[in-house]
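Below: one structure in structure tokens.
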Amino acid sequence: MEDRRLITGPTFEEMLHPHLIDPDIRRKAHEARTNDPLAWINLFNISWRDINDRIQYIVLPKALTGVDTPIALLTSIHFPTRSHKVGATYSVLIEKELFGDVDPWKHTLIWPSTGNYGIGGAYVAGRMGVRSVVVLPEEMSKERFEMIERFGAQVIKTPGCESNVKEIYDKVKELMAADPLMRNMNQFEEMGNYRFHYYVTGNTVIDLARELAEQGIGRGKVSAYVSSMGSAGTIAAGDRLKQEWYDHKIVGLEPIQCPTLALNGYGGHDIQGIGDKHVTWIHHVTNMDAIMLIDDLECKLGLQLFAEDEAKRALVEAIGVPQDAVDYLSTRLGISSICNIYGAIKTVKHYGFGPDDLVVTVATDGLDRYWSVMADMQRDFGVIDRTEAVARVRSLFHGKKTDYIWDGTAENRMRWHNLKYYTWVEQQGRTVEELNAQLDPAWWEEHQRRVSEIDARLLEYRASHPVVA
């Protein structure tokens, strides 16, 4: 065992600032991005920045959003799996390997998921030499299943859609009972997921705010960070931003069809990647400033604008969206990305932000995950012509209303916290004492501080086991 070498990738600090990576490693990783995308060295491509250290984002045109406040959209299709979820899965797995919780030569990993996390887990584990099983609902887009299998993991389908997480948990429990060498990489409770977004995504957004201020956009601060919740990893970036700016707003989004935090609600929906019908362990709900609801059909209707040629021409010629912005967005948006854009527009209107404010949100994946969904939309709603495209922009984007919003009052935050009880204490074996510990900000700060501990452990391992590209 001692002479076996773990396959490792970047530290948190290197994911945040990849210019710190050894230049030879980084050059080979960049070449592998296109020449050998399944090579392990692609782990060093996990970052919000490209090879030239440029953050990947777009400031959405006012012609699309209909608001004066700039909305910056981080995009993630340049990540190795074309979704930032690969960063969360890598962070979870490298931590467990470094601290001895996972032995890659012995254990099989289970990745409970509704899509992108499972894809990320299949990719990362395969590159790091660990066997994997991904458990996800059978109604997810077929592209998700194809990618998981292409990355070398086994797929187990469970009944239902995005919001059927209880069925995933039941299957994971069954698998682990049958095989003691399986390890559950549960994105909904693993703090490595939280840490990736708190440190890497959060600090990237801080860097972006400063970069935009130099261009005359905003004042060097982010007024609000908007994110829909699946595992509630991505929204953890807001915790870092609120430490930087005391008056910063963290806004969470849910589907109207599954308003779990908003209304203690339930139901099926089709904003794939969010709205999992429970409150996750890693979600810092007592730090949120608002919950907003978004309609799943409206998200798919909005995405269809970027999936069809006539609709894209109308965006340019009739709406005035610059051609380069349409070209950029047409590959970088998925269903939950549209949800996040809608939420950002609602946030601007709800808080009365002006042209000097800045709102940031995230495109978690791209259109390549949803061609089958778009085919269904075309079948059900027809091909979009110019008139329909204009009508959709004016109603879905410009006409976004400030309805279905719950502010983060002390009472609401306690309600959101209390909802964790039913999944985590009644079903998943946590204690009431563990749950109530999360009410203390120090609990979250302790997990945030572990970033430096994990980086130190990885650097120590690398010192005795140098990375060989």
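Assuming Arg394 fulfils every condition listed in (1) in contact with a Leu (Cβ under 6 Å, 6 or more places away or on another chain); (2) surrounded by fewer than 21 Cβ atoms within 10 Å (Cβ to Cβ) apart from one, which condition is it?
Answer for Arg394: the failing condition is (1).
Quick check on the range 2-21. Is at least one of its residues surrounded by fewer than 18 Cβ atoms within 10 Å (Cβ to Cβ), at pLDDT below 95 and in contact with a His (Cβ under 8 Å, 6 or more places away or on another chain)?
Checked the range 2-21: at least one residue is surrounded by fewer than 18 Cβ atoms within 10 Å (Cβ to Cβ), at pLDDT below 95 and in contact with a His (Cβ under 8 Å, 6 or more places away or on another chain).
Test Ile110 against the stated conditions and say whether it is of a type outside the set (Asp, Glu), more than 30 Å from Val326 (Cα to Cα), part of a helix (DSSP H, G or I) and touching a residue at least 40 places away in the same chain (Cβ under 8 Å).
Here the answer is no, as Ile110 does not meet what is asked.
Only one of Ile94, Ile7, Ile58 is under 25 Å from Cys339 (Cβ atoms) and either hydrophobic (A, V, I, L, M, F, W, C) or part of a loop (DSSP other than H, G, I, E, B) (or both). Can you tell me which?
Ile58
Filter the range 154-187 down to the residues that are part of a loop (DSSP other than H, G, I, E, B), in contact with a Ser or Thr (Cβ under 8 Å, 6 or more places away or on another chain), closer than 20 Å to Thr89 by Cα and at pLDDT 90 or above and list them by number.
Result: Leu181, Met185, Gln187.
Which numbered condition in (1) buried (at least 17 other Cβ atoms within 10 Å of the Cβ); (2) free of Cβ contacts under 8 Å to residues at least 12 places away in the same chain is the only one that Val373 fails?
(2) is the only condition that Val373 fails.
Can you pull out the residues in the range 145-156 that are out of contact with any strand residue (DSSP E or B) (no Cβ under 7 Å at 6 or more places or on another chain) and buried (at least 16 other Cβ atoms within 10 Å of the Cβ)?
Of everything in the range 145-156, those that are out of contact with any strand residue (DSSP E or B) (no Cβ under 7 Å at 6 or more places or on another chain) and buried (at least 16 other Cβ atoms within 10 Å of the Cβ) turn out to be Met147, Phe151.
Quick one: count up the residues across the range 177-190 that are surrounded by 19 or more Cβ atoms within 10 Å (Cβ to Cβ) and farther than 16 Å from Gly121 by Cβ.
Of the residues in that region, 0 qualify.
Would you check if there is a residue in the range 308-324 being touching a helix residue (DSSP H, G or I) at 6+ places or on another chain (Cβ under 7 Å), of a type outside the set (Phe, Trp, Tyr), under 20 Å from Ile271 (Cβ atoms) and surrounded by fewer than 17 Cβ atoms within 10 Å (Cβ to Cβ)?
No: zero hits.
A quick yes/no check of all residues on (1) at positive phi; (2) small (Gly, Ala, Ser); (3) touching a Phe, Trp or Tyr at 6+ places or on another chain (Cβ under 9 Å):
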| position | (1), (2), (3) |
| --- | --- |
| Met15 | no, no, yes |
| Pro18 | no, no, yes |
| Arg26 | no, no, yes |
| Ala29 | no, yes, yes |
| Pro37 | no, no, no |
| Leu74 | no, no, yes |
| Gly87 | no, yes, yes |
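While we're on this one: Hey, which of the helices (runs of 4 or more DSSP H) in the range 309-366, taking only ones fully inside, have at least 2 residues that are within 18 Å of Asp295 (Cα to Cα)?
Correct list: 335-351.
Would you confirm whether or not the range 159-170 contains a residue that is of a type in the set (A, V, I, L, M, F, W, C), within 19 Å of Trp424 (Cβ to Cβ) and crowded, with 20+ Cβ neighbours inside 10 Å?
So far as the range 159-170 goes, yes, one or more of its residues are of a type in the set (A, V, I, L, M, F, W, C), within 19 Å of Trp424 (Cβ to Cβ) and crowded, with 20+ Cβ neighbours inside 10 Å.
Out of all the residues in the range 417-459, which are of a type in the set (A, V, I, L, M, F, W, C) and under 14 Å from Thr11 (Cα atoms)?
Correct list: Val451, Ile454, Ala456, Leu458, Leu459.
What tally of residues in the range 119-144 results from selecting those that are outside any loop (DSSP other than H, G, I, E, B), modelled with pLDDT of 90 or more and in contact with a strand residue (DSSP E or B) (Cβ under 6 Å, 6 or more places away or on another chain)?
Residues in the range 119-144 being outside any loop (DSSP other than H, G, I, E, B), modelled with pLDDT of 90 or more and in contact with a strand residue (DSSP E or B) (Cβ under 6 Å, 6 or more places away or on another chain): 8 in total.
Restricting the search to the range 61-78, which residues are assigned to a loop (DSSP other than H, G, I, E, B) and not aliphatic (A, V, I, L, M)?
Pro61, Gly66, Asp68, Thr69, Pro70, Ser76, His78
Name the residue that is farthest from Ser83 (Cα to Cα), counting only residues in the range 161-194 that are in contact with a Gly (Cβ under 7 Å, 6 or more places away or on another chain) and of a type outside the set (A, V, I, L, M).
Glu167
Being of a type in the set (Gly, Ala, Ser) and either touching a residue at least 24 places away in the same chain (Cβ under 8 Å) or touching a helix residue (DSSP H, G or I) at 6+ places or on another chain (Cβ under 6 Å) (or both) is the filter here, so list the residues in the range 453-469 that pass it.
Ala469
Kindly indicate whether Gly100 is free of Cβ contacts under 8 Å to residues at least 12 places away in the same chain and within 27 Å of Leu458 (Cβ to Cβ).
yes
For the range 233-276, enumerate the residues that are over 17 Å from Asp403 (Cα atoms) and assigned to a helix (DSSP H, G or I).
Thr234, Ile235, Ala236, Ala237, Gly238, Asp239, Arg240, Leu241, Lys242, Gln243, Glu244
The values are calculated or read from the model by the stated rules, or taken from the named source; none is laboratory data. Computed from a prediction, not measured in an experiment: that's the story for all the values here. Here the Cβ is made from the backbone with ideal geometry for all residues, glycine too, and neighbour counts use every protein chain on show.
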